[in-house]
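The values are calculated or read from the model by the stated rules, or taken from the named source; none is laboratory data. Only a predicted model underlies this, so the values are computations on that prediction, with no experimental measurement involved. All Cβ positions, glycine included, derive from the backbone under ideal geometry; neighbour counts span all protein chains shown.
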Amino acid sequence: MPISDKLIDQLLEGCDSPEDILGEAGLLKQLTKKVAERALEQQGRVTIAEQSYEAALKRWPEQPTSAMGLGNIAYVGATLRKQSPITAQP
């Protein structure tokens with residue numbers, strides 16, 4: 001999927017220095033983390049996604065994204081167990 005210049009412009013909005021893009025809390029690190037998390041979720045690999053969120057939460061405890069991801073996995077897991085115990089993953 002090609003990434004449009006418009007999307008890049010939106011992502012770079014508010015980035016005023018190289019640190020904003022490449023730094024420890026910069027755009028590139030945040031984007032990489034979010035893309036990896038989303039890809040794992042979309043592939044239906046709940047266990048791997050859960051482990052990734054837990055590792056990310058340990059690495060970046062100040063970032064709420066991982067905690068929210070773990071909450072989403074718990075919610076989805078409970079929903080799956082209610083719908084079909086056979087398809088639910090432990």
- Task: State the number of residues belonging to the range 18-27 that are surrounded by 13 or more Cβ atoms within 10 Å (Cβ to Cβ) and touching a Leu at 6+ places or on another chain (Cβ under 8 Å).
- Result: 3
- Task: Could you tell me whether residue 47 is at pLDDT 70 or above and of a type in the set (Val, Ile, Thr)?
- Result: yes
- Query: Among the residues of the range 26-40, which ones are closer than 23 Å to residue 71 by Cα and either of a type in the set (Gly, Ala, Ser) or more than 16 Å from the chain's Cα centre (by Cα) (or both)?
  - Reply: 36, 39
- Looking at 3, 8, 48, which one is part of a helix (DSSP H, G or I) and over 18 Å from the mean Cα position of the chain (by Cα)? 8
